[in-house]
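Once you've had a glance at the structure underneath, I'll fire off some questions.
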Amino acid sequence: MAVFEGLYFNGKTSAGLPVSVELLPTEFRLTTRTDADFLRIWDTNLIGRNDFNDAELVELQYAASPPEYLEVKDPAFFGALKMHYPKAAFAGSRYGSLISGNPLPLLSVLAVFVLLVAGAYFWLIPKTAEVIAENLPVSAEAKLGQALIDGMLEAEEKDSVKTMYAQRFFNLLHASPQSGKVSVTVVKHRQANAFAVPGGHIVVYEPIIHLTDSYEEFAGLIAHENAHLQHRHSLKALFRNLSSYFLVSLLFGDLNGIMVVVAENANSLKSLEYNRELEKEADMTGLALLEQKHIDPNGMVGLFSALKDEKENIDLPEFLSTHPVLDSRINYLKAKIASRKFRVQQNDSLQYYWQKLKEKSIE
Ligand SMILES: [Zn+2]
């Protein structure tokens with residue numbers, strides 16, 4: 001068996017005696033070269049660990065009276081203890097008796113716990129919020145949407161004339177009563193933007209109209225925003241973004257609190273980001289509406305090209321101007337258009353309303 005060099009303390013004097021420590025199956029055998037008569041037999045059942053540090057030095061204690069001590073400063077000693085006495089407490093971890101054995105299991109438990117909490121926070125709660133959004137009754141969505149749009153437009157300058165034309169444009173384009181009533185509002189603003197507000201509202205910031213070169217492009221924009229409404233994208237995204245607030249409100253059983261939080265965050269709708277899948281879904285649904293109304297589907301391609309080309313010259317919100325996927329959207333739209341036979345018909349009414357929308361505001 002292994003032999004190590006260490007220092008022995010008899011518990012009466014503070015001087016250490018250099019000893020050889022022989023590790024035997026059930027005992028330690030301590031001898032010294034300086035005194036042939038010296039022999040200490042330590043029963044391994046009575047040996048305890050005295051150090052709880054991570055140093056190279058292992059300090060053991062022997063339950064005699066008075067207690068005796070042994071210090072071994074040898075990097076291999078701890079490994080030898082573990083190997084020869086795998087079940088003994090004194091061969092346990094240097095991290096102390098709190099964690100017996102390998103610290104890995106405890107760390108894994110901690111890691112799993114952290115993952116669970118993070119998973120709940122980043123996935124489960126937002127996912128639950130989305131499911132709630134999906135199943136929200138239409139009447140509740142309408143009520144919430146009204147609070148949102150009212151709160152949002154309070155600080156904006158509405159263009160009443162253009163709102164009227166945009167609404168007529170929409171009605172001609174949409175004309176699908178089963179998907180509910182949609183209100184379109186044109187707002188005077190320095191930014192070019194358009195977004196869907198839950199409960200059936202589309203807000204258009206006037207400069208984006210000037211970005212369109214044809215009624216087909218404007219139809220593409222409106223069809224896209226309308227698709228976000230149809231699929232409840234904005235409601236889902238809003239719920240998702242605010243889901244951590246929801247949790248707090250739900251914990252306190254405060255459903256009104258949820259409504260208040262949502263209404264207070266109405267402004268976040270302006271810069272709401274949807275992921276690529278949702279954008280693609282809205283593009284495809286919008287394209288289907290254009291097809292159904294015999295509007296040239298290239299209008300949607302033209303709109304994205306205009307957004308891409310003009311982004312240096314006009315004031316676009318960041319989520320529109322830095323959209324890295326405009327190219328890919330243009331590509332999949334072109335591919336889709338090429339794969340189908342679109343029957344296109346000039347629509348003079350849409351052309352008329354679009355021209356009215358393009359005119360300089362009177363006020
Ligand atoms: Zn979109």
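The values are calculated or read from the model by the stated rules, or taken from the named source; none is laboratory data. All values reported here derive from a predicted model rather than from experimental measurement. A quick note on method: Cβ atoms are made from the backbone with ideal geometry, for glycine too, and the neighbour counts reach across all protein chains shown.
For region 175-188, check the following and say yes or no: at least one residue is more than 27 Å from ILE209 (Cβ to Cβ) and surrounded by 20 or more Cβ atoms within 10 Å (Cβ to Cβ).
The answer is no, given that none of the residues of region 175-188 is more than 27 Å from ILE209 (Cβ to Cβ) and surrounded by 20 or more Cβ atoms within 10 Å (Cβ to Cβ).
Here's another thing I want to ask about it. Within region 337-354, can you find the residues that are over 17 Å from GLY286 (Cα atoms) and either outside the structural domain of ASN171 (by TED's automatic domain parsing) or small (Gly, Ala, Ser) (or both)?
SER349 - this is the single residue of region 337-354 that is over 17 Å from GLY286 (Cα atoms) and either outside the structural domain of ASN171 (by TED's automatic domain parsing) or small (Gly, Ala, Ser) (or both).
Going through region 32-51 one residue at a time, which ones are among the β-branched types (Val, Ile, Thr), assigned to a strand (DSSP E or B) and surrounded by fewer than 16 Cβ atoms within 10 Å (Cβ to Cβ)?
THR32, ILE41
Since PRO137 meets every condition but one in (1) within 28 Å of the chain's Cα centre (by Cα); (2) surrounded by 12 or more Cβ atoms within 10 Å (Cβ to Cβ); (3) at pLDDT 80 or above, which condition does it not meet?
Only one criterion is unmet by PRO137, namely (2).
Same structure again: Just one of HIS210, HIS201, HIS189 is free of Cβ contacts under 8 Å to residues at least 60 places away in the same chain, farther than 17 Å from ALA282 by Cα and in the same structural domain as ASP159 (by TED's automatic domain parsing); which is it?
Going through HIS210, HIS201, HIS189 in turn, just one is free of Cβ contacts under 8 Å to residues at least 60 places away in the same chain, farther than 17 Å from ALA282 by Cα and in the same structural domain as ASP159 (by TED's automatic domain parsing): HIS189.
Scan region 278-289 and report the pairs whose first residue is more than 14 Å from SER328 (Cα to Cα) and without any contact (Cβ under 8 Å) to a residue 40 or more places away in the chain and whose second residue is of a type in the set (Val, Ile, Thr) and near the ligand (Cβ under 8 Å from one of its atoms), with Cβ atoms within less than 7 Å and a gap of 6+ or a chain change.
Short answer, once both residue conditions are applied: none.
Go through region 220-301 and tell me which helices (runs of 4 or more DSSP H), entirely inside it, have 3 or more residues that are at pLDDT 90 or above.
276-292
Taking region 11-22 on its own, how many of its residues are buried (at least 16 other Cβ atoms within 10 Å of the Cβ) and either over 12 Å from LYS73 (Cβ atoms) or free of Cβ contacts under 8 Å to residues at least 24 places away in the same chain (or both)?
2
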